[in-house]
Amino acid sequence: MADDYLVRIGKLIRDARQHRGWTQAQLAEALGTSQSAVNRIERGNQNISLEMIARIGEALDSEIVSLGYAGPMHLRVVGGRRLSGAIDVKTSKNACVALLCASLLNKGRTVLRRVARIEEVYRLLEVLGSIGVRTRWVNDGTDLEIVPPADLDLDAIDAEAAVRTRSIIMFLGPLLHRMDHFKLPYAGGCDLGTRTIEPHMIALRRFGLDVAATEGQYHAVVDRSVRPERPIVLTERGDTVTENALLAAARHDGVTVIRNASSNYMVQDLCFFLEALGVKVDGIGTTTLTVHGVPNIDVDVDYSPSEDPVEAMSLVAAAVVTESELTVRRVPIEFLEIELAVLEEMGLDHDRTPEYVADNGRTRLVDLTVRPSKLEAPIDKIHPMPFPGLNIDNVPFFAAIAAVAQGKTLIHDWVYDNRAIYLTDLNRLGGRLQLLDPHRVLVEGPTRWRAAEMMCPPALRPAVVVLLAMMAAEGTSVLRNVYVINRGYEDLAERLNSIGAQIEIFRDI
């Protein structure tokens, strides 16, 4: 059997296992084999008989191989439909991946509640499983249990899974406390242009970490004699940079001050989780964090990450673009106040319930009802700023919103090298977007959307923006190869269908 078929079958088995909510260890137990054998099968590194394929299919209650090859996932969208009813916001994708990395700090059992079941999480679980961390879905597949081994086996790391997620960069902070030298594959993720890791290195060098990047890997060496003797000033107020510094400080035996820190939603959730581990963090929600490290963390912890403000914004945008009345429940309002203030100035008709507390006991939530509105282009440009400014990941949604507003809107996406370019894909659907430079787009509305067939942009948020425009366009559109959407959204098509969309998932035969 050719290697490419082994890889294809392995991916089908992996997808079926994840859909069932099983770990590699659970499948191995059902088959009477080892977890390492399952890992090799899923990576296409082991010959596999038809009998074994049949046994796996029976164990997973899934037809693994049929006539034809199940290729990439596509969406067929019948647009022009109004949305209605109510939909809950899922837990934060970015918080969940940070907490998965943070679980490496803990020698005890970690349970994360209502973890987002998305491709980004699956890739990290594959990486964790490959180095010896035992993970399993519990409570009918809604929660995730994580139990680390005494020693991690980084030589066995699943490099293929690692390079498909940028989150692997956040292994550096926890791992520097566990071993004196190690290797990690390069970070991957969305195609958003050059994203240097130097701000991470500047922070982590203060804990003795030195990293050389060669041959597709980060080669890390830790000097235990180096300790942060003065406050760490981050050169970039980035979310993952702040998280990496927090992860390094959490097990540093002493007090670490981090300045110019991000205070964004996922950073706050990570701080709350660290407090559950016994690490005191002062200044949560500000740009100066003081971490009282605990050199040995061995506790059984149960934590509920909060809801995702970016998903909440995408659902609000779905209602606006399709001119629908929709209630979005469990919205983390603290992280959407600027966006809503801008939308109010544009003329959005909406109301919100009194605030209530998320399951983490800290984050403020509301239920938000959006109604069809006659929008006007904002006077000022739309541009992101570190929290509490307009969220960087919410900027693309304003391209679709501006396209249905009267007038011209300037969007300045200054953070990423080429994300703004992908927003011009809306022109294929009837939009009038003019790319002024790699960071600035001029959007003219209102738009008469039209159906089209196109490839999915390789960046998560622009991909969802294209999907929303297809939902507004009369006729049938096709969005091909939507893996990038599945990286950040759980069952998005099915959930949108539950409130009135008509989206069909299909694969090439």
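The values are calculated or read from the model by the stated rules, or taken from the named source; none is laboratory data. No experiment lies behind these values; they were computed from the predicted model shown. We place every Cβ from the backbone using ideal geometry, glycine too, and count neighbours over all the protein chains shown. These area figures cover heavy atoms from the full protein model, side chains too; ligands, DNA and RNA do not enter into them. Shrake-Rupley method; radii C 1.70, N 1.55, O 1.52, S 1.80 Å.
So here's what we get for this one:
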{"item": "Residue tally, condition surrounded by fewer than 19 Cβ atoms within 10 Å (Cβ to Cβ), closer than 20 Å to PRO72 by Cα and among the acidic types (Asp, Glu), over segment 1-56", "result": "3"}
{"item": "Given (1) surrounded by 24 or more Cβ atoms within 10 Å (Cβ to Cβ); (2) assigned to a strand (DSSP E or B); (3) hydroxyl-bearing (Ser, Thr, Tyr), number of the condition SER314 does not satisfy", "result": "(2)"}
{"item": "So ILE485, is it farther than 17 Å from ASP15 by Cα and either open to solvent by less than 10 Å² (accessible area, probe 1.4 Å) or assigned to a loop (DSSP other than H, G, I, E, B) (or both)", "result": "no"}
{"item": "Helices (runs of 4 or more DSSP H) wholly inside segment 96-196 that include at least 1 residues being in contact with a His (Cβ under 9 Å, 6 or more places away or on another chain)", "result": "172-175"}
{"item": "Within segment 399-424, tally of residues that are within 15 Å of LEU460 (Cβ to Cβ) and open to solvent by 40 Å² or more (accessible area, probe 1.4 Å)", "result": "2"}
{"item": "Residue within segment 259-270 that is at pLDDT 90 or above and either farther than 30 Å from ALA463 by Cα or touching a His at 6+ places or on another chain (Cβ under 8 Å) (or both) present", "result": "yes"}
{"item": "Long-range neighbours under 9 Å by Cβ, at least six apart or interchain, first residue within 15 Å of ALA473 (Cα to Cα) within segment 385-406, second of a type in the set (S, T, N, Q)", "result": "ALA400/THR447; ILE401/THR409; ALA403/THR409; ALA403/THR447; VAL404/THR447"}
{"item": "Residue match in segment 139-152 (condition: crowded, with 23+ Cβ neighbours inside 10 Å and of a type in the set (Asp, Glu))", "result": "no"}
{"item": "Hits in segment 126-136 - residues which are more than 16 Å from PRO174 (Cα to Cα) and open to solvent by 20 Å² or more (accessible area, probe 1.4 Å)", "result": "ARG134, ARG136"}
{"item": "Checklist (1) out of contact with any Cys (no Cβ under 8 Å at 6 or more places or on another chain); (2) modelled with pLDDT of 90 or more; (3) among the hydrophobic types (A, V, I, L, M, F, W, C) applied to VAL115, failing item", "result": "(1)"}
{"item": "Inter-residue pairs, beta-carbon under 6 Å, first touching a residue at least 40 places away in the same chain (Cβ under 8 Å) and in segment 37-53, second open to solvent by less than 20 Å² (accessible area, probe 1.4 Å) and in a loop (DSSP other than H, G, I, E, B), 6+ apart", "result": "ILE53/ILE64"}
{"item": "Segment 319-369, residues that are within 30 Å of ARG448 (Cβ to Cβ) and part of a helix (DSSP H, G or I)", "result": "ALA319, VAL320, VAL321, ILE338, GLU339, LEU340, ALA341, VAL342, LEU343, GLU344, GLU345, MET346"}
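One line per residue, one yes/no per condition, for (1) over 26 Å from GLY389 (Cα atoms); (2) in contact with a Gly (Cβ under 7 Å, 6 or more places away or on another chain); (3) not in a strand (DSSP E or B):
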site: ASP417; (1), (2), (3): no, yes, yes
site: THR424; (1), (2), (3): no, no, yes
site: LEU433; (1), (2), (3): no, no, no
site: LEU436; (1), (2), (3): no, no, no
site: THR447; (1), (2), (3): yes, yes, yes
site: VAL466; (1), (2), (3): no, no, yes
site: GLY475; (1), (2), (3): yes, yes, no
site: LEU479; (1), (2), (3): yes, no, no
